[in-house]
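The values are calculated or read from the model by the stated rules, or taken from the named source; none is laboratory data. It should be emphasised that the depicted structure is a prediction, and the values quoted were computed from it without experimental measurement. For neighbour counting, all protein chains shown are included, and Cβ atoms are generated from backbone atoms with ideal geometry for every residue, glycine included. Note: areas computed on protein heavy atoms with side chains; ligands, DNA, RNA excluded. Shrake-Rupley method; radii C 1.70, N 1.55, O 1.52, S 1.80 Å.
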Amino acid sequence: MDALVSVLRDADFWWVYPVGALMVTVSALLPPVPSTTLFVALGSLSMKSEQLDPYLLALSMLAGAVAGDAATFVLVRRFRPGSRRWFAGSRWRSTFGAARARLDGNGLTLVMVSRFVPLGRLTLNVAAASVPQPARAFVAHSAAAGVLWSAYSVGIGTVTGLWPQLSTEFAVVLAIAASVLLGRAITLLIAWNGGREAPIFARRDGGGGA
């Protein structure tokens, strides 16, 4: 964590925005790549650095989110991974089946929910491409969800970064912790409110996205 804070403290160059967007894009296919955590930390630092703009951070995260979702959608349509061996397990089949069953009437809601659930983004994107959901509707839903996700991530960071009595290091750590806890609370609320009707990936243990 100290190394991350040290790097981010000096992250006041123009390349922060395209590199951050690229990481969000890649995280659509590789969930372990940090996305939410990165922008929460950058949002916190933007309140303590004149070189980082929270609005540009949110826009770069939004651009990366839509680009990653669209890339996943196109790849799934092209290569049909549902027929591959690594997606043949019962857990993946039941998860994709639940997502497909609910996409027709609740596409936007599910796409938004998926941003706050572990593996939810990848699962929902693959399911949407497999249904298949119309590409225009998928991109529109992705953009709407991206606005919420980027505002959530950068917003939590800026709130902690505004506290003058907090050190840069502690503000970043606090922002990340708050994001994880809020993501966990959202997951539990979704499961409680939806009960048996909630998507399977929303009923699994875990907190927010990477």
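Applying the criterion of at least 2 residues that are in contact with a Ser or Thr (Cβ under 9 Å, 6 or more places away or on another chain), modelled with pLDDT of 75 or more and surrounded by 17 or more Cβ atoms within 10 Å (Cβ to Cβ) to the helices (runs of 4 or more DSSP H) found wholly in segment 109-195 leaves 120-130, 135-161.
A single member of F73, F39 is at pLDDT 65 or above, under 24 Å from A177 (Cβ atoms) and either assigned to a helix (DSSP H, G or I) or not hydroxyl-bearing (S, T, Y) (or both), and it is F39. Residues of segment 42-53 that are open to solvent by less than 30 Å² (accessible area, probe 1.4 Å) and within 11 Å of V159 (Cα to Cα): G43, S44, L45, S46.
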